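The values are calculated or read from the model by the stated rules, or taken from the named source; none is laboratory data. Remember, it's a predicted structure, so these values are computed and weren't measured experimentally. Positions of Cβ are generated from backbone atoms using ideal geometry, with glycine treated the same way; all protein chains shown enter the neighbour counts. Only protein heavy atoms, including side chains, enter the accessible area calculation; ligands, DNA and RNA are left aside. Shrake-Rupley method; radii C 1.70, N 1.55, O 1.52, S 1.80 Å.
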Amino acid sequence: MSVTWTEAAPDAQYTDIRYEKDGAGIAKITIDRPEVRNAFRPKTLIDVGDALERAREDQEVGVIILCGEGPHAFCSGGDQNVRGDTGYIEEGASVGRFHVTDLQVQMRRLPKPVIAMVAGYAIGGGHVLHLCCDLTIAADNARFGQTGPRVGSWDGGFGASLLRDLVGPKKAKEFWMLCRQYDAQQALDMGLVNTVVPLERLEEETVAWCREMLALSPFALRLVKSSFHAHEDGYAGIQQLAHDANLLFYGAPEAQEGRDAYKEKRTPDFSKFPRRA
Ligand code: S0N
């Protein structure tokens, strides 16, 4: 199953990623810093966030792949070279922060499936990025793990909660308290990834999964995602699902009667709508 990727945002000032589309519904965002195992600095995350927003707004796009350049790493987390005493420091800034906080939420709220395509290492904050994706397709050379306590940090947000949901509390604590690495088969066995394929077939298989989703109802997929997150993300998750319901209701004559009555300066007549059991 061949695919041809075309640069999709030639106007964007991306330095750390590539943003491409296949012209048939799939967008691909590639973290392009292989010299540091695709570690992210603030600009990397700003680029990824911008590309995700483009993919969200683009009605041609139904599914988004997130991956790293090359066979050695999906992403090795925060770039320790730009880690300051106040967070990760963007070029030209004096005070740092965690740009990844907003990106993780953006991935969760984005109403289209985001698929992690993992070759090589998904480590540290890179591991949390794959956790935040809706599905993960792993190559047989993939390795997963958290390093926080080894480098003086931790991610107690999605990095703890989603991992706990996927592999259970004991195993999740093992990830964080021992900082071990797990291979692709171990990851599959513990429910951390959806499938494992030979490295040379990774993109082909990921694209096949994407095409399967593209054949399905886009709004149903949107509601599937927001339904899961309604529980997992608390009030923010419920808000997403509730607003998706609003979006559907806007299309109903009952909602339109309220709008039309307001515009026509009359009392709305909801009597024709059933009080459904
Ligand atoms: C990925 C590893 C296992 C790969 O090992 P391998 O294949 O042996 O390659 P190396 O020789 O180690 O690496 C090749 C070159 O790449 C550089 N490099 C790799 N990772 C990083 C990185 N994260 N930052 C900077 N440089 C990196 C190497 O230095 C090497 O360069 P040269 O050739 O010049 O020597 C292995 O590389 C590894 O273990 N990497 C470090 C993984 C790690 O500890 N990552 C950081 C973990 N923390 C975060 O991700 C922060 C997350 C975060 O932002 C956050 C968010 C919310 C709340 C809390 C946090 C938080 O945790 O702070």
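A few points about this structure:
- Within the range 64-116, the set of residues being out of contact with any strand residue (DSSP E or B) (no Cβ under 7 Å at 6 or more places or on another chain), hydroxyl-bearing (Ser, Thr, Tyr) and at pLDDT below 95 comprises THR86, SER94.
- Residue that is nearest to the ligand (Cβ to nearest atom) [pool: residues in the range 37-59 that are under 13 Å from ASN81 (Cβ atoms) and open to solvent by less than 40 Å² (accessible area, probe 1.4 Å)]: ALA39
- Scanning the range 26-36 for residues that are under 20 Å from GLU7 (Cβ atoms), open to solvent by 10 Å² or more (accessible area, probe 1.4 Å) and outside any loop (DSSP other than H, G, I, E, B) turns up LYS28, PRO34.
- Residue ranges of helices (runs of 4 or more DSSP H) in the range 187-271 with at least 2 members open to solvent by less than 40 Å² (accessible area, probe 1.4 Å), closer than 30 Å to SER2 by Cα and assigned by the TED database to the domain that holds VAL114: 202-214
- Selection status of ALA93, closer than 26 Å to ARG54 by Cβ and either touching a residue at least 60 places away in the same chain (Cβ under 8 Å) or within 8 Å of the ligand (Cβ to nearest atom) (or both): no
- Residue within the range 67-84 that is in contact with a Ser or Thr (Cβ under 6 Å, 6 or more places away or on another chain), away from the ligand (no atom under 12 Å from the Cβ) and over 20 Å from VAL167 (Cα atoms) present: yes
- Of the residues screened, ILE46 is not one that is modelled with pLDDT of 95 or more and assigned to a strand (DSSP E or B).
- Of the residues making up the range 50-60, at least one is in a loop (DSSP other than H, G, I, E, B) and either in contact with a Gly (Cβ under 8 Å, 6 or more places away or on another chain) or without any contact (Cβ under 8 Å) to a residue 12 or more places away in the chain (or both).
- Selection of first residues in the range 194-211 that are among the aromatic types (Phe, Trp, Tyr) and of second residues that are open to solvent by less than 30 Å² (accessible area, probe 1.4 Å) and modelled with pLDDT of 95 or more, restricted to Cβ pairs under 7 Å at least 6 apart or on distinct chains, gives the following pairs, ordered by first then second residue: TRP209/ILE115; TRP209/ILE137.
- Boolean, PRO198 is out of contact with any His (no Cβ under 8 Å at 6 or more places or on another chain), modelled with pLDDT of 95 or more and more than 10 Å from the ligand (Cβ to nearest atom): yes
- The set of residues from the range 243-271 being of a type outside the set (Ser, Thr, Tyr) and in contact with a helix residue (DSSP H, G or I) (Cβ under 8 Å, 6 or more places away or on another chain) comprises ASP244, LEU248, PHE249, ALA255, PRO268, ASP269, PHE270.
- Among the residues making up the range 135-166, a single one is free of Cβ contacts under 8 Å to residues at least 40 places away in the same chain, surrounded by 23 or more Cβ atoms within 10 Å (Cβ to Cβ) and more than 10 Å from the ligand (Cβ to nearest atom): LEU163.
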